[in-house]
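Peer 1: Starting off with a structure, shown below.
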Amino acid sequence: MKVPFSLRTLVALVAAGVMVLAVVSLYMVPPAQPDIRQQDNVLSLDTWSVKWSDVVIPVHTQGMVRARHELPLSLEVSGRVEEVSPAFADGGRVMAGDVLLRLDPEPFELEVVSQQNAVHAARLHVAETKARARVAGGSSRSSALGRFEPQMDEARSRLAAAQAGLRQAQRQLEQTELVASISGRLKGVQVMPGQHLQAGAVLGQLYQEDLVEVRLPVRDDWLALLGIVPGDDASLDTVSARLSGRFAGRQGQWEGKVVRREGGLNRNQMMHLIVQVANFEQDLPLEPGVLVQAELRGAPTAAVAVLPRSAQAGEDSIWVLDDEKRLRRQSVAILHYDNESLYVHDGVTTDTQAVLAGDLQLLEGMRIHPNPPPAGLATVDGTRQ
């Protein structure tokens, strides 16, 4: 059944009228205006309250581990290697008194026999000269030659020379054995049986393992921070050393002791402290050649303010907050600084609010919104502000 044409026209007109009314209502009733508020463009930065205290200022440096005693091994005589100990190799451990190698002793034994014969001949010569002197029977009026005095001197000196030659031959025979003078570990060994060795040639290195040393460069002005007084070796006893580094696939830490200071400054105005580590007290023993980082701590320094390094605004200044909450540069006397902290001994008070701007490029006088110190930010002594 078809709908009459007049009815369809009426429905279309009604729909069009509804649409027109909707459009008109949108224009007659405008939407509500958004609540426009002024955006806060003030930068928020963390602040730090200055506190004065006596502080142990850590000094950080690094150095290479070396053996406390390292001996080059050599022989005083030349010869052919007859026997080599299995322990005489790179990395081998030996005890004091161990025989590491032997040369062919036969040439040296023959020399000992020859020198013994020379001694016997010299003794016979002395006896013959004495006998001639008795036969000659020289009186006190005779010359020295007639009394056989120079002849006896020559005979005795010949005997002394022969005896010295025998001792030398016996010593050279002893030198055919290379004996370890200390207990330790070997490195740089290049010897094999049948090899002909020259006297004085270095055959390897023997170093002690129980004690190792680290040569640490420090600046001249760091000595005062550590409480080291030049000329007073007892002041070294108060300095502790904590070493850290990676060795044998592990991250290790070692406790050391400053045992001495090298004299003089190099052209970089640096000197060296020698730290000794007892390997028998460590879980992970150190070996020569390991690079370690060192933290040195000495006597406390009085009246020091410790600030985070991010407060630094220049070589001798920090960022501070004034009464109007604006950023200002404050000149200070920086005693020392490291990667984390500034150690200030003048230029700030307990009322100073340091601003932790970090690496931000800021303009002096700009207004900021101060935040309290970040939770859990540690100070130099390990406490948290």
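Peer 1: Of the beta bridges DSSP finds with both residues in the chain, what % are antiparallel, to the nearest 5?
Peer 2: 95 percent
Peer 1: Calculate, for Gln293 and Asn266, the FRET efficiency according to 1/(1 + (r/R0)^6) with r their C-beta to C-beta distance and R0 22 Å; round to the nearest 0.05.
Peer 2: It comes to 0.60.
Peer 1: Quick check on the chain: helices-only [θ] at 222 nm, where DSSP H runs of length 4 and up contribute -39,500 (n - 2.57) each and the sum goes over total residues. Nearest 500, please.
Peer 2: Helix contribution divided over all residues of the chain: -8000 deg cm²/dmol.
Peer 1: Given R₀ = 45 Å, FRET efficiency for Asp104-Phe280 by Cβ-Cβ distance, to 0.05?
Peer 2: After rounding to 0.05, the efficiency reads 0.70.
Peer 1: While we're looking at this one, here's another question. For the stretch 179-313, report the accessible area per residue in Å² (1.4 Å probe, heavy atoms, rounded to an integer).
Peer 2: Roughly 50 Å² per residue, with all protein chains present.
Peer 1: Within the stretch 76-119, list the residues whose amide N lies under 18 Å from a label point set 7 Å along Cα→Cβ of Gln198.
Peer 2: 76-81
Peer 1: Another one. Please give the FRET efficiency for Asp346 paired with Arg93, using the beta carbon to beta carbon distance and R0 = 45 Å, rounded to the nearest 0.05.
Peer 2: Values: r = 56 Å, r/R0 = 1.25.
Plugging the Cβ-Cβ distance into 1/(1 + (r/R0)^6) gives 0.20.
Peer 1: Name the trypsin sites (Lys or Arg not before Pro) in the stretch 150-229 that are in a loop by DSSP and that have at most 16 other C-beta atoms within 10 Å, would you?
Peer 2: For trypsin sites (Lys or Arg not before Pro) across the stretch 150-229 that sit outside H, G, I, E and B with at most 16 neighbouring Cβ atoms in 10 Å, the list is empty.
Peer 1: Counting only C-alpha contacts under 8 Å and six or more residues apart, can you give the relative contact order of the stretch 81-129 as a whole percent? Before the final figure, lay out the partial values.
Peer 2: Details: 23 pairs, mean separation 16.4, N = 49.
Here the relative contact order equals 34 percent.
Peer 1: Please report the carbon-and-sulfur percent of the accessible area for the chain; probe 1.4 Å, protein heavy atoms only, DNA, RNA and ligands left out.
Peer 2: 53 percent
Peer 1: Additional query: Fully extended, how many nm does the chain gain between Glu128 and Gln353 (0.36 nm per residue separation, minus their Cα-Cα distance)? Mind dumping the intermediate values first?
Peer 2: Details: separation 225, 0.36 × 225 = 81.00 nm, distance 10.56 nm.
Fully extending the segment from Glu128 to Gln353 adds 70.4 nm.
Peer 1: List residues of the stretch 246-288, by number, whose backbone nitrogen lies under 12 Å from a label position 7 Å along Cα→C-beta of Met64.
Peer 2: Within reach of a label on Met64: 288.
Peer 1: Another one. For Arg260, list long-range residues whose amide hydrogen, built 1.01 Å from N in the peptide plane, is under 5 Å from its own amide hydrogen.
Peer 2: For Arg260, the qualifying residues are Ile274.
Peer 1: With a 1.4 Å probe and all protein chains kept in place, how much accessible area does Thr9 have, in Å² rounded to the nearest 10?
Peer 2: 50 Å²
Peer 1: Work out from phi, with θ = phi - 60° and the Karplus expression 6.51 cos²θ - 1.76 cosθ + 1.60, the ³J(HN,Hα) of each residue of the stretch 221-231, listed in order in whole Hz, and give x for Gly and Pro.
Peer 2: Values per residue, Gly and Pro as x: 6, 6, 4, 5, 5, 8, x, 8, 9, x, x Hz.
Peer 1: With a cut-off of 8 Å between alpha carbons and a minimum separation of six or more residues, what is the relative contact order of the stretch 265-385 in percent?
Peer 2: Reported as a whole number, the value is 22 percent.
The values are calculated or read from the model by the stated rules, or taken from the named source; none is laboratory data. Keep in mind that this is a model prediction, so the values were computed, not measured. Note: ideal-geometry Cβ built from the backbone for every residue, glycine included; neighbour counts use all protein chains shown. Only protein heavy atoms, including side chains, enter the accessible area calculation; ligands, DNA and RNA are left aside. Shrake-Rupley method; radii C 1.70, N 1.55, O 1.52, S 1.80 Å.
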